[in-house]
Amino acid sequence: MPVMVITGTGTEVGKTVVTAAVAATALAAGRSVAVLKAAQTGVRPDEPGDAEEVARLAGAVTTAELARYPDPLAPATAARRAGRAPVHPHEVAERAAKLATEHDLVLVEGAGGLLVRFDAAGGTLADAAALLSAPVLVVAPAGLGTLNATELTARELRRRGLDLAGVVIGSWPDGPDLAARCNLLDLPDVAAAPLLGAVPAGAGALDPAGFRRTAPQWLAPRLEGTWDAEAFRVREVP
Ligand SMILES: Nc1ncnc2c1ncn2[C@@H]1O[C@H](COP(=O)(O)OP(=O)(O)OP(=O)(O)O)[C@@H](O)[C@H]1O
Ligand SMILES: C[C@H](N)[C@H](N)CCCCCC(=O)O
Ligand SMILES: [Mg+2]
């Protein structure tokens, strides 16, 4: 099934920007794309959510969002505080599977990191990925602290028997420090999975035409882009 689940080491790591880059790259390759934000928190009903942000940057994707809660919290907590029904993993899987019958690629973005709870029973994005047997892409920060969080996420995916497609750095700084440069070698090592790209810092602020034109250069061929991890490392590692 053409579903890919996009998680991260936490919130604010660049999942939405990476989702937009993957979507733009797939669109450029002539594929139809749907983006499902499993549960959107911290956004008012009249504001654009992450799925709309992907559409703004990437272009003509189908957007879907299962629920939206006002508090900027984990979905289970935000649903409880709003007195509303939560989103359950099987609902995420069912909507993604339906979108997969109509699109070449379905990207499912979680909320925060892998084990953030969607419902009171402790259901997570990892459960939805398992129901879908979908590969999971992990978005990670570039700098100091990312090795621990990325390895924890990778280990949990593996413990659950899930397919870790690889790691993408959500925001690669203009002037990478020593830790960021070393992480280009160490991230794939601790994740035991390939580094599949790095989205430059500030990419989310590019005009959409520039974003769409450049996005394939940030992602590896496995994600239909032209990024070359080895060449990138030669340039960036001390
Ligand atoms: N490569 C980038 N270029 C520009 N801005 C970025 C980039 N990566 C992250 N950001 C900014 O950092 C913030 C967090 O990014 P983003 O919204 O993608 O996080 P997220 O991991 O999707 O978080 P959430 O758990 O809320 O979905 C946003 O304000 C976004 O604009
Ligand atoms: C509001 C925020 N931007 C995300 N949508 C939700 C992040 C939940 C993180 C919960 C946690 O790990 O402590
Ligand atoms: Mg997001």
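Would you confirm, using the coordinates I've provided, whether ALA111 is closer than 24 Å to PRO188 by Cβ, touching a residue at least 24 places away in the same chain (Cβ under 8 Å) and within 16 Å of ligand 1 (Cβ to nearest atom)? Here the answer is no, as ALA111 does not meet what is asked.
Applying the criterion of being touching a Pro at 6+ places or on another chain (Cβ under 7 Å) and open to solvent by less than 40 Å² (accessible area, probe 1.4 Å) to the residues of the stretch 32-51, the residue that is farthest from VAL3 (Cα to Cα) is GLY42. Scanning the stretch 20-56 for residues that are assigned to a loop (DSSP other than H, G, I, E, B) and touching a residue at least 60 places away in the same chain (Cβ under 8 Å) yields ALA29, ARG31, SER32, ALA38, ALA39. Within the stretch 11-38, the set of residues being within 11 Å of ligand 3 (Cβ to nearest atom) and either farther than 23 Å from THR214 by Cβ or of a type outside the set (A, V, I, L, M, F, W, C) (or both) comprises THR11, GLU12, GLY14, LYS15, THR16, THR19, LYS37, ALA38. When SER171 is tested against (1) within 13 Å of VAL139 (Cα to Cα); (2) in contact with a strand residue (DSSP E or B) (Cβ under 6 Å, 6 or more places away or on another chain), only condition (2) is not met. Among residues of the stretch 101-120 being among the aliphatic types (A, V, I, L, M) and assigned to a loop (DSSP other than H, G, I, E, B), the one that is nearest to ligand 3 (Cβ to nearest atom) is ALA111. The condition (being under 30 Å from LEU184 (Cβ atoms) and either modelled with pLDDT of 95 or more or of a type outside the set (A, V, I, L, M) (or both)) is satisfied by just one residue among THR101, THR124, THR62: THR124.
So, of the residues in the stretch 1-19 that are of a type outside the set (Val, Ile, Thr) and part of a strand (DSSP E or B), which turns out to be farthest from LEU107 (Cα to Cα)? Of everything passing the filter in the stretch 1-19, GLY8 is farthest from LEU107 (Cα to Cα). Remark: pairs (first residue in the stretch 64-80, more than 11 Å from ALA39 (Cα to Cα); second residue part of a helix (DSSP H, G or I); Cβ separation under 6 Å; 6+ apart in sequence or on different chains) = ASP71/ALA78; ASP71/ARG81. Is the stretch 62-73 home to any residue that is open to solvent by 20 Å² or more (accessible area, probe 1.4 Å), of a type in the set (D, E, K, R) and more than 26 Å from ARG117 (Cβ to Cβ)? Scanning the stretch 62-73 turns up no residue that is open to solvent by 20 Å² or more (accessible area, probe 1.4 Å), of a type in the set (D, E, K, R) and more than 26 Å from ARG117 (Cβ to Cβ).
The values are calculated or read from the model by the stated rules, or taken from the named source; none is laboratory data. Nothing here was measured: the structure is a model prediction, and the numbers come from that model. Virtual Cβ from ideal backbone geometry, glycine too; neighbours counted across all protein chains shown. Ligands, DNA and RNA are excluded from the accessible area calculation, which covers all protein heavy atoms including side chains. Shrake-Rupley method; radii C 1.70, N 1.55, O 1.52, S 1.80 Å.
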